[in-house]
Amino acid sequence: MRVLGIGSALPGNYYPQEAILARLQEEWSQKHHNPDRLRRLHENVLVGGRHLALPIERYDELDDFGKSNDAWIEVGLEVGEQSLRRALDDAGVGPQEVGALFFVSVTGLAVPSLDARLMNRVDLSSKTKRYPLFGLGCVAGAAGVARAADYVKAYPDELAVLLSVELCSLTVQRSDLSIPNLIATGLFGDGAAAVVLGGSEASASRQDDLAGPEIIATRSVFYPDSEDVMGWRIGQDGFTVVLSADVPKVVQENLGADVDRFLADHGLLRSSISSWVCHPGGPKVLEAMSSALDLEADSLDVTWRSLREVGNLSSTSVLLVLEETMRQHRPTPDSWGMLLAMGPGFCSELVLLRW
């Protein structure tokens, strides 16, 4: 099983963090909000700027969940199609060759799902199997890679594609002045990414120096009684963020042992891993990851850079980190790598790579 191609697409509306902050301060200035607290929270997430689904002035129009969700469908189809086409082009394959399409998102709802709506736009085969997955949140980038790998392991002569579309800015709650929502307005951005995976037979004829890593094994880890750590409360106003301050603690207490057990089952140690492709959950989460895994100071440089440049894009983020690693920081051939993310459940998804 191998990653054969990858592609991403970010909305064209990019704003420095200061511009987004100013807009939010203006929005909340009449609601007895402390503007200095909002500024501190935005500065603490260390995000320099983000791509937004819409021009910033259009967010005033989104006064109910229906309008926000309509925007999610419209823009989601645009960036979803772009990233899907770029991934297929990168792999050197055509849409008709895709055997299965896995779609992940947690920032909007549609029936038919976006993957179905992309079938005609991208000219996918009518025989393509579709797997729309909702609710995995930030972990879905890694989990989607793992589930697509499961598919091509069962069907080694086929190709599977994972598509992630996350438009987090469309979930903003104007009436929610809680600390989790204020943090979310400073942390999360918008974008899409797609990954093409091939089974052993499908990959054999397409291996070259630009192909991505082999996927050797995957593991899911669910932490009991942790449902309130992260997620959404879904009501008439749409998605309201659930974000516990305990997230870094859960990471610190669990991730190291989880990774060690996973690697031990494959005769490896943590020191065997030379490259880490991690989801940029936020500064405290990344610090907890580094501490839990006892990583060198520069091990998560690509992840930190992604956080600073575009923010946390939920499930899309770890795929952006994978793309940057493949394009600009390609590890040594035959070296071991790990792709990982954590998310609602609370849970971890671990993917063992060989470059």
- Query: Taking neighbour Cβ counts within 10 Å as the exposure measure, how do 60, 70 sort from fewest upward?
  - Reply: 60, 70
- Against the longest alpha carbon principal axis of the chain, how many degrees, from 0 to 90 and to the nearest 10, is the axis of helix 35-44 turned? 20 degrees
- Task: Let me know the shape class of the stretch 283-355, please: from the alpha-carbon gyration tensor, a ≥ b ≥ c as square roots of the eigenvalues, rounded when a/c is under 1.5, otherwise prolate if a/b is greater than b/c, or oblate.
- Result: rounded
- How high is the relative contact order of the chain, in percent, with contacts defined as C-alpha pairs under 8 Å that are six or more residues apart? 25 percent
- Message: Of all beta bridges DSSP finds with both residues in the chain, what is the antiparallel percent, to the nearest 5?
- Response: 70 percent
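Might you report the magnitude of the Cβ-based charge dipole of the stretch 214-354 about its Cα centre, with Lys and Arg at +1 and Asp and Glu at -1, to the nearest 20 debye?
Once rounded to the nearest 20, the dipole reads 220 debye.
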- Residue order, fewest to most surrounding Cβ atoms within 10 angstrom, among 287, 61, 214, 323: 61, 287, 214, 323
- Would you kindly work out the equivalent ellipsoid of the stretch 2-204 from its C-alpha gyration tensor and give its semi-axes, the square roots of five times the eigenvalues, largest first in whole Å? 36, 16, 14
- Per-residue Cβ neighbour rank within 10 angstrom, fewest leading, 29, 291: 29, 291
- Among 128, 332, 240: highest mean-square fluctuation, GNM of the chain, C-alpha pairs under 10 Å: 332
- Query: Using 0.36 nm per residue, how much length does the chain from residue 298 to residue 175 gain when fully extended, once their Cα-Cα distance is taken away?
  - Reply: 40.3 nm
- Contour minus Cα-Cα distance for residue 25 and residue 236 (0.36 nm per residue): 73.5 nm
- Spin-label pair residue 61/residue 116, simplified geometry with 7 Å Cα→Cβ offset, distance in nm: 2.6 nm
- Task: Please label the shape of the chain as rounded, prolate or oblate, based on the square roots a ≥ b ≥ c of the eigenvalues of the alpha-carbon gyration tensor (a/c under 1.5 means rounded; beyond that, a/b larger than b/c means prolate, else oblate).
- Result: oblate
- Compute the semi-axes of the equivalent ellipsoid of the stretch 1-120, taking the square root of 5 times each eigenvalue of the Cα gyration tensor, and list them largest first in whole Å. 35, 18, 11
- Non-local Lys pairs in the chain, i.e. 8 or more apart or on different chains, that have alpha carbons under 29 Å apart: 5
- the chain, dipole about Cα centre (Lys/Arg Cβ +1, Asp/Glu Cβ -1), debye to the nearest 20: 140 debye
- So how far, in whole Å, is the C-alpha centre of the stretch 221-251 from the one of the stretch 265-326? 21 Å
- Task: Only Cα pairs under 8 Å and at least 6 apart count here; give the relative contact order of the stretch 310-355 as a rounded whole percent.
- Result: 33 percent
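Just so you know, all these numbers are worked out from the coordinates, no wet-lab data involved. Treat the numbers as computed from the prediction; the structure is a model and nothing was measured. In this analysis, Cβ positions are derived from the backbone assuming ideal geometry, glycine residues included, and neighbour counts consider all displayed protein chains.
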